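Okay, structure first, notes after.
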Amino acid sequence: MMLTVLRLGFVAALLLGLLSGISGAEGQPPCTVTVKPGESIQSAIDGAKEGAVICLGAGTYEENITIKKGLTLRGTGAKPEEVWIVGVKERYPVMRIEREGEIEVQLENLTAAEAKGDDGIEVVGKAKAVIRDVQVSGNLYGLDVGDSATVSLTNSQVSDNRGWGLSVWDSATVSLTSSQVSGNVHGLWVRGSATVTLSNSQVSGNEWPGLEVEDSATVSLTNSQVSDNGLWGLLVRDLAMVSLTNSQVSDNGLWGLLVKDLAMVSLTNSQVSDNGYGLVVSGSARVEIKESTLQDNRGCGIEVFSKEAQVRGTPNKMRGNGADLCGFAPASLRQPLAPPDPRPKLVVPTDYATIQEAIDAILPGGTVEVAAGSYEVGLTIWKPVVLLGAGRDQTILEALPERGLVLSIIAEAQGVRIEGFQVKGSKGAGLLIYGREVTIQGALISGNGDDGLSVSGSARVSLTDSQVSGNGYGLSVSGSAEVSLTNSQVSGNRLWGLWVWGSATVEVRSSTIEGNGTDPECQRLGYICNGIRVSGESQTTITDSKIRNNTDWGVAAWLKKCGYYFDEFSGRVVFQGRNVIEGNNKSGNHEGNPGWSGPPLPDGQVCLP
């Protein structure tokens, strides 16, 4: 009896084993042929029938492979890196899948690596590739998909390639599920009319950009991350369309998202955080942001450069940015920190703990009074308000640590008055102003990494009894902005003092532009650090002012004769009243005063058309 039971158990085990061999591991079809290291994969492919399963034993295979029929290529190692296919031909992909007709190729549990000057895997024509548990690394380009090919990647990794990790072009379609494009020089590039979807996937740690979408390509991300890329997270341009749902764009070097031209982007229930800038929009791009969070970006949370851009959505959570909103960004995109307060004057910190809470709460036209003290801030002013400090030596607004802005006045904020503050400590600009009818009085703007004060768009700003000193650059005025300086000083900035460009208009009245160009680089020939620099179609009027002791020209246009590489000035500079222009050209790099028609001056004071 015992012997019979043992025999039955043996037969049952044998049958189970046979059934397992027929179906393959985990229900996979069995191997049609097995190739071992030292044998030719290409020979096996050439001799196989459509639908064959070619299994590869663990080890390294040195050859370039072309697949023109439907089949499965499966590594039998415990993990993908146990089966390496290494390219040996110059300028050939490690693996090329192509056919004018439709075929389906499955790649499983292997690594395509070290193409000599070409792609790891290339899929073109009408081919369809199903890629599971595959690693593509160490090539010039990782995975290249074009024509009308279709590729799906699952549990796969495209990493450490010297060019683009994944390039998708023409009308190709690619889907990534639980996969990574990481550690490449460039991450993912989508162009033409290609379509790419990412689900539970990552584009991360690429040296330069993470994801670039252009032409009329379409990309959607769901439950995915674009993070830790060296330049931007996503660049969307031309007529491209991108949607992000339940996704995260974080820790990218410059921008989280840059949207330009006529591109369209939608963000739903997503997070944009810890980037250089969060979301930047220009041109006539269209962006919709709903139920999302933009936080802890070092510059602006949302910056809209162009009034032609259409940016809309629900109020979103915003906090910890250099400033939440900048430029033409609409106030409706931001969830206020406090509800409206009917009192005409609110005091910080008595009535509200933070200045931004008080700004959000005050009714339009009201006054926010800030007591003496030092405040770490990243402020957005989005409506008419008076912001009143105790004096520029007593009430200090300082940028949050490592932030690129102290205060932003968006274009919607018309009729803002700021008085009695010191603005300091930004890694970028101190103040960024797009609003009209802005008055700044009795302010000290100092110790900021870039512009002390940047005025752009169609802003209109009056700076009175104030000082802009010790910044990277003093005051920059661009777009069609208008600025007047009265009884003010622009001095001791590391590069130039005042730059007027675009079609901007500036009037300098009874003011001093002095001692700018303190950076040692300004002594070098060709590195021009003026008191006043003018370019574009700008208009500048200088009345009863002093321009002295600047490292290069006191006043100079962007012209070759002034030391620049090309001519870029067609505007006008007018001198009125009694101006003092002396002691400039501390570098000694400039001779004469080209274009000057006034009283004789020592060399290097003025250079104009």
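Roughly how far apart, in whole Å, are the Cα centres of region 521-550 and region 551-609? Taking the Cα centre of each part, region 521-550 and region 551-609 sit 7 Å apart.
Output the Kirkwood hydrodynamic radius of the chain, Cα pairs only, in Å rounded to one decimal.
Roughly 27.5 Å, rounded to one decimal.
Taken about its Cα centre, the chain carries a charge dipole of roughly 580 debye when the Cβ of each Lys and Arg holds +1 and the Cβ of each Asp and Glu holds -1.
If you look at the Cα atoms of region 279-430, you get an Rg and a Dmax of 14.8, 44 Å.
Averaged over residues, the count of other Cβ atoms within 10 Å places the peptides 232-238, 597-603, 32-38 in the sequence 232-238, 32-38, 597-603, highest first. Using the Cα centre of the chain as origin and beta-carbon charges of +1 (Lys, Arg) and -1 (Asp, Glu), tell me which of Val370, Asn493, Gly146 is placed farthest towards the positive end of the dipole. The residue sitting farthest along the positive end of the dipole is Val370.
Think of the chain as having a plus end and a minus end, set by charges on the Cβ of Lys, Arg, Asp and Glu; of Gln422, Val438, Tyr92, Val438 sits farthest toward the positive end of this dipole.
The H on the amide N of Val226, modeled in the peptide plane, is under 5 Å from the matching H of Val203, Gln248, Val249, Ser250, each at least 5 residues off or on a different chain.
The alpha carbons of region 38-96 give a radius of gyration and a Dmax of 11.3, 31 Å, in that order. Placing a pseudo-label 7 Å from each Cα along the Cα-to-Cβ vector at Glu62 and Asp147 gives an inter-label distance of 3.1 nm.
Under the simplified labelling scheme, the Ala338-Lys36 pair shows an inter-label distance of 7.9 nm, with each label point 7 Å from Cα along Cα→Cβ.
For region 447-543, with all protein chains in place and a probe radius of 1.4 Å, 45% of the accessible heavy-atom surface sits on carbon or sulfur. What net charge do the residues around Leu231 carry, taking every other residue with its C-beta under 13 Å from that of Leu231, with Lys and Arg at +1 and Asp and Glu at -1? Net charge in that neighbourhood comes out at -4. Each residue was assigned an accessible area with a 1.4 Å probe, and for His186 the value is about 40 Å².
What the phi angles of region 487-501 give under the Karplus curve with 6.51, -1.76 and 1.60, with θ = phi - 60°, is a coupling list of 6, 10, 9, 10, 8, x, 7, 5, 10, 8, x, 10, 10, 10, 8 Hz, glycine and proline written as x.
For region 498-584, the alpha-carbon radius of gyration amounts to 1.04 times the rule-of-thumb value 2.2 N^0.38 Å expected for a compact globular protein. Projected label points at Glu291 and Glu376, each 7 Å from Cα along the beta carbon direction, are separated by 3.3 nanometres. Would you list which lysines come within 19 Å of Lys260, measuring only between C-alpha atoms, while excluding same-chain residues fewer than 8 positions from it? The qualifying lysines are Lys307.
When the charge dipole of the chain is built from unit charges on Cβ atoms (+1 for Lys and Arg, -1 for Asp and Glu) and taken about the Cα centre, the candidate among Ser175, Leu198, Thr551 whose Cα reaches farthest toward its positive end is Thr551. Under 18 Å from a label point set 7 Å out along the Cα-to-Cβ vector of Leu262, the amide N atoms of region 274-297 belong to 282-288.
Subtracting the Cα-Cα distance of Thr541 and Val130 from 0.36 nm times their residue separation leaves 141.2 nm of extension gain.
Computed across region 69-131, the Kirkwood radius stands at 12.1 Å (inverse of mean 1/r, all Cα pairs). Across all Cα atoms of region 210-366, the radius of gyration (one decimal) and Dmax (whole number) stand at 16.2, 54 Å.
In plain terms, the chain from Gln414 to Thr350 could stretch by 20.4 nm, reckoned as 0.36 nm per residue minus the Cα-Cα distance.
With 0.36 nm allotted per residue and the present C-alpha distance subtracted, the Lys49-Asp519 stretch has 162.0 nm of extension available. In the context of the full set of protein chains, region 393-501 has a per residue accessible area of 28 Å² (1.4 Å probe).
Let's test the formula: R0 of 35 Å, r as the Cβ-Cβ distance of Lys69 and Asn246. What FRET efficiency results, to the nearest 0.05? The computed FRET efficiency comes out at 0.35. Think of each Lys and Arg Cβ as +1 and each Asp and Glu Cβ as -1; about the Cα centre, that makes the dipole of region 147-256 roughly 140 debye.
Taking the C-alpha atoms only, the angle from helix 2-23 to the longest principal axis of the chain is near 50 degrees. For the pair Ser597 and Ser480, a Förster radius of 35 Å applied to the C-beta separation gives a FRET efficiency near 0.80, rounded to the nearest 0.05.
The values are calculated or read from the model by the stated rules, or taken from the named source; none is laboratory data. Just so it is clear, the structure is predicted and the values come from calculations on it, not from any experiment. Don't worry about glycine lacking a Cβ; one is built from the backbone with ideal geometry, like all the others, and counts go over all protein chains shown. Calculation scope for accessible area: heavy atoms of the full protein, side chains included, ligands and nucleic acids excluded. Shrake-Rupley method; radii C 1.70, N 1.55, O 1.52, S 1.80 Å.
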